[in-house]
Amino acid sequence: MTADAAADLSGFTGFSSSAQSMSLVAFSAVATLTLLLCVMAGPDRDDLDEFYTGYGSLSPLRNGLAIAGDYISAATVLGTSGVIALCGYDGVVLALSTALSLMLLMFLLAEPLRNAGRFTMGDALARRMPGRSVRITTCAVTIASLLPLMLVQLAGTGQLMAFILGFSNESLKTGCVVGLGALMISYAAIGGMKGTALIQILKIVMLVGSGAVIAVLILRRFDWDPGALFGAAARQSGAGPAFLHSGLEFAGHPRARLDMITSELTIVLGGACLPHITMRTYTASSARQVRRSLSWAVSIVALFVLAITVIGFGATALVGRGAIAAADPQGNTAYLLGSRAAFGVGVSTAETFLFTMVTTAIFLTLLASVAGMILACANSLAHDVFAARVQEMPARREMTLARLSALAIGVPTILLATMVQEYSLQPLVTLSFCLGASALAPALVYGLFWRRYTRSGLMGTLLGGSLTVLLLMPGTNLVSGSPVSAFPHADFNWFPFTTTGIVSIPAGFFFGWLGTVVSGRRKAEEQRRQYEAVEGWILAGAVRRGG
């Protein structure tokens, strides 16, 4: 959301000074409460298991809430609801893809990840192929895949504050980014896994609860008839029946259907393998607890997908697609516009309070999402890079390194976020999912299930998949060549797709296969024997008899 869009939107929604004051009080109260929760839940200085995993002390329900909280980021809330409001059917497919990716994690990767690893993704991959090179490369890809998402959400915090509180001064927005970034670093460094889990639980309860209330209010406006809602949205979209059919989001692209399929595949694979999601598998005390936790998480995410579908269509039906696009070409304001329209203009005190709850839930979503990502990066940096250098590093020293790593990750993120506030940030969101789908997903699939996979194959997957994404991404239409791209006045669009997935996902798998083949038959056989020694434990948590 640009500054001009925020100003236009503030005028459109007609925020009163009392609503702004209430929002500021609510934001301050939430920030204070969550920081207090982190302090109370923070681990002892020499207890690594408590810092990295929270001792697996969360029940399946609470762990499921925390997983859903990590999974539903501000990009999901604002971005997905915006695509639904602007593109109708295509946005619903996008929302369903996010739920499907969590199901992929649940049924394919969660238990092997839980059994193979201890604290980080580097643990899981290094179980078969020990070595610092594996851990360092995994850490680098972890940071590369999460940094763009952190920038998007942290930069969006300043825009959200400007939108809610009605200011447009660039210095104030930058101050918000810096101050809230410092708060997020504190969450990760002080609270560890358990502290951030409590924040995620609070966030998801507020987000799903407020979203469900908005969805009910919107359906009530249409006499509880979803068909009437969809019909009104189609009429207000300016696209007519095409709004309710596939292809609107990718209209005008030379290969629209293929672009749509590869985009959804990238979301499904990338969303399931992003490190801040997979690290939650280590907070469960057993493989059975992982399954139960993810069952709760999938149910909660599916409920929220239903809510944002109703809200997105409701925003178009009540506000109009043109007004949403005028406020923000990406549609990131659709969730708030739909909420405001559901309550009505000239609202009562009770409705102002409900809308304040909605904005507070989104504010908390921004805080919690970045805190979880900072923690995932810091854990990997401390455990896979620094602690791996020493044979037996004292627990207290490693925890100090983890907290300093949170600072080392967070400070550059804050500085970069202040520099990208005025640009379209959709390419950064897509970059994260492309890296997850093209580098991390092939590495996990091969590393957990292919017996002959070698260290060279793993390095080929991580480096080859990542470099392919980084080479192709600048040429996509999200970066240049369209009015909603990051550089709308430039045109160096040479790759005719929205994501890099059509090339980079097969490339990630190919480089893994090629690296394994190049390693030679002897190395592959050696890896097969090593894998068979731990196969029962990785796949089923079973200790091999006699070994």
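The values are calculated or read from the model by the stated rules, or taken from the named source; none is laboratory data. Because the structure is a prediction, the values reported are computed rather than measured. Every residue, glycine as well, gets a Cβ built from its backbone with ideal geometry; the counts of neighbours run over all protein chains shown. We work out accessible area using only protein heavy atoms, side chains counted, and drop any ligands, DNA or RNA first. Shrake-Rupley method; radii C 1.70, N 1.55, O 1.52, S 1.80 Å.
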query: Tally time: how many residues in segment 220-238 are open to solvent by less than 50 Å² (accessible area, probe 1.4 Å) and in a loop (DSSP other than H, G, I, E, B)?
result: 1
field: Yes/no for Ala197 being part of a helix (DSSP H, G or I), among the small types (Gly, Ala, Ser) and open to solvent by 10 Å² or more (accessible area, probe 1.4 Å)
entry: no
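Could you check how many residues of segment 239-261 are assigned to a helix (DSSP H, G or I) and touching a Leu at 6+ places or on another chain (Cβ under 8 Å)? Lay out the reasoning, then the answer.
Here is the first cut: in segment 239-261, the ones assigned to a helix (DSSP H, G or I) are 240-244, 256-261.
Adding the requirement that they be touching a Leu at 6+ places or on another chain (Cβ under 8 Å) leaves 242.
Of the residues in that region, 1 qualify.
From the set of residues in segment 510-527 that are open to solvent by less than 60 Å² (accessible area, probe 1.4 Å) and part of a helix (DSSP H, G or I), which is farthest from Val479 (Cα to Cα)?
Within segment 510-527, the match that is farthest from Val479 (Cα to Cα) is Glu525.
Report yes if Leu318 is within 18 Å of the chain's Cα centre (by Cα) and either of a type in the set (A, V, I, L, M, F, W, C) or under 26 Å from Leu217 (Cβ atoms) (or both), otherwise no.
Criteria not met by Leu318.
Mind listing just one residue for me: the one in segment 480-509 that is in a helix (DSSP H, G or I) and β-branched (Val, Ile, Thr) and, of those, nearest to Gly447 (Cα to Cα)?
Here is the first cut: in segment 480-509, the ones in a helix (DSSP H, G or I) are 501-509.
From what is left, the residues that are β-branched (Val, Ile, Thr) are 502-503, 505.
On the way: Ile502: 22, Val503: 21, Ile505: 16 Å.
In this case the residue turns out to be Ile505.
Can you list the helices (runs of 4 or more DSSP H) lying wholly within segment 267-367 that have 2 or more residues being open to solvent by 10 Å² or more (accessible area, probe 1.4 Å), in contact (Cβ under 8 Å) with a residue 60 or more places away in the chain and under 30 Å from Gly192 (Cβ atoms)?
Where helices (runs of 4 or more DSSP H) fall fully within segment 267-367 and carry at least 2 residues being open to solvent by 10 Å² or more (accessible area, probe 1.4 Å), in contact (Cβ under 8 Å) with a residue 60 or more places away in the chain and under 30 Å from Gly192 (Cβ atoms), they are 287-319.
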- prompt: What number of residues within segment 410-446 are at pLDDT 90 or above, farther than 14 Å from Ala272 by Cβ and over 17 Å from the mean Cα position of the chain (by Cα)?
  reply: 6
task: Read through the list (1) buried (at least 24 other Cβ atoms within 10 Å of the Cβ); (2) touching a Phe, Trp or Tyr at 6+ places or on another chain (Cβ under 7 Å), then give the number of the only condition that Leu244 fails.
output: (1)
